[in-house]
1. Please state which one of 215, 183 is within 16 Å of residue 51 (Cβ to Cβ) and either open to solvent by 20 Å² or more (accessible area, probe 1.4 Å) or more than 12 Å from the ligand (Cβ to nearest atom) (or both).
2. Quick one: residue 67 ticks every box in (1) in contact with a strand residue (DSSP E or B) (Cβ under 9 Å, 6 or more places away or on another chain); (2) buried (at least 18 other Cβ atoms within 10 Å of the Cβ) bar one, so which box is it?
3. Of the residues 29, 120, 60, 108, only one is more than 28 Å from residue 212 (Cα to Cα), at pLDDT 95 or above and polar (S, T, N, Q); which?
4. Hey, among 257, 221, 276, 269, which residue is more than 16 Å from the ligand (Cβ to nearest atom), farther than 30 Å from residue 99 by Cα and open to solvent by 60 Å² or more (accessible area, probe 1.4 Å)?
5. Collect the residues in region 70-95 that are crowded, with 16+ Cβ neighbours inside 10 Å and within 13 Å of the ligand (Cβ to nearest atom), keeping them in residue-number order.
6. Can residue 202 be described as β-branched (Val, Ile, Thr), more than 16 Å from the ligand (Cβ to nearest atom), in contact (Cβ under 8 Å) with a residue 12 or more places away in the chain and over 18 Å from residue 68 (Cβ atoms)?
7. List every residue pair whose Cβ atoms sit under 8 Å apart, with the two residues 6 or more apart in sequence or on different chains, where the first one lies in region 178-189 and is within 15 Å of residue 165 (Cβ to Cβ) and among the aliphatic types (A, V, I, L, M) and the second, anywhere, is open to solvent by 10 Å² or more (accessible area, probe 1.4 Å) and part of a helix (DSSP H, G or I).
8. So which residues in region 130-180 are more than 16 Å from the ligand (Cβ to nearest atom) and small (Gly, Ala, Ser), if there are any at all?
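The values are calculated or read from the model by the stated rules, or taken from the named source; none is laboratory data. Every value quoted in this text rests on a predicted model; they were computed, and no experiment measured them. FYI the Cβ positions are ideal-geometry reconstructions off the backbone, even for glycines, and counts take in every protein chain you see. To get the accessible areas, we keep the full protein, side chains included, count just its heavy atoms, and leave off ligands, DNA and RNA. Shrake-Rupley method; radii C 1.70, N 1.55, O 1.52, S 1.80 Å.
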Amino acid sequence: MRSRQIGALLLSAAALAGSLAACGNSGPTSAIEKAKNDKKLTIGVKYDQPGLGLKKPDGTVEGFDVDVAKYLAGELGVPESGITWKEARSANRETFLQQGQVDMIVATYSITEARKPKVTFGGPFYIAHQDTLVRSDDTSITSLDSLKGKRICQVTGSNSWKNIAEGTNKENKKVEVQLVPAGAYEECVTKLKGNAIDAVTTDDMILAGFAKREGSSLKVTGAPFTDEKYGVGLKKGDKETCEAVNKAITKMYQDGTIQKLFEKHFSGTGLQFTATGAPPAEGCS
Ligand code: GLU
């Protein structure tokens, strides 16, 4: 009798040890679990988009996306000191999430149907609109139509050129353009200034950040033609974190933080904060 009891005890102890080991091996299954347990998160942001995500010479990062990411991390229980920043470029966002190189991406990342099978998106937390940046002396580009035949920047992994060439815009209009490849929007602006392209067309916030930095040599046409639903990229299936992020976004609107952050980074650029509440959530899938 006694030895049987001891045997049962040993068995359950072994089972407990086994399950603990399994826990340790598999690691956290979701970003929110990691946030709760370790008080740490690795977050992907842009490093070369002024106003949104920019790495400064002292190694720190700043911008609207960066501040939004800090707020969301805080709501998940992670202080700023617990955040490891990683450069997310337009082309590596999906793979970074799939490979677990980051826990979250806040990098002018539009929620699109094409990306949904690969990414679970929290949000949107803001809606931007695609617009066009040209040299100040250019009077030929004023609208989506007038881009016909022009040389525009094609950033790998970005949605913006597709919105023009493939017609995913409010007018459902495919415009024939000459696509000039580039790795990122910083490179596009260099190309525009050097006359290697005629226009940079992408989210108005990205353009506003560059236009502010460049001064009077460049101008934004102010003729938007898409809605860009800025989402929080999460590993596909991480619904628990997605729900928590959506709650935090609602709070960020209710407590006025989002407007403060928008004005901190975009006042004086001509962009206005007009939202009266959080955009409707896309749903965590
Ligand atoms: N928001 C657009 C996108 O996600 C353009 C900006 C970018 O590539 O970061 O494709």
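1. Details: 183 fails: within 16 Å of residue 51 (Cβ to Cβ).
215 is the lone residue from the list that is within 16 Å of residue 51 (Cβ to Cβ) and either open to solvent by 20 Å² or more (accessible area, probe 1.4 Å) or more than 12 Å from the ligand (Cβ to nearest atom) (or both).
2. (1)
3. Numbers: 29 fails: at pLDDT 95 or above; 60 fails: more than 28 Å from residue 212 (Cα to Cα); 108 fails: more than 28 Å from residue 212 (Cα to Cα).
Of 29, 120, 60, 108, the one residue that is more than 28 Å from residue 212 (Cα to Cα), at pLDDT 95 or above and polar (S, T, N, Q) is 120.
4. On the way: 257 fails: open to solvent by 60 Å² or more (accessible area, probe 1.4 Å); 221 fails: open to solvent by 60 Å² or more (accessible area, probe 1.4 Å); 269 fails: open to solvent by 60 Å² or more (accessible area, probe 1.4 Å).
Of 257, 221, 276, 269, the one residue that is more than 16 Å from the ligand (Cβ to nearest atom), farther than 30 Å from residue 99 by Cα and open to solvent by 60 Å² or more (accessible area, probe 1.4 Å) is 276.
5. Those that are crowded, with 16+ Cβ neighbours inside 10 Å and within 13 Å of the ligand (Cβ to nearest atom): 87, 88, 89, 90, 92, 93, 94.
6. On the way: β-branched (Val, Ile, Thr): yes; more than 16 Å from the ligand (Cβ to nearest atom): no; in contact (Cβ under 8 Å) with a residue 12 or more places away in the chain: yes; over 18 Å from residue 68 (Cβ atoms): yes.
When the stated conditions are applied, residue 202 does not pass them.
7. 179/161; 179/165; 180/191; 182/191
8. Across region 130-180, the qualifying residues are 136, 140, 143, 146, 149.
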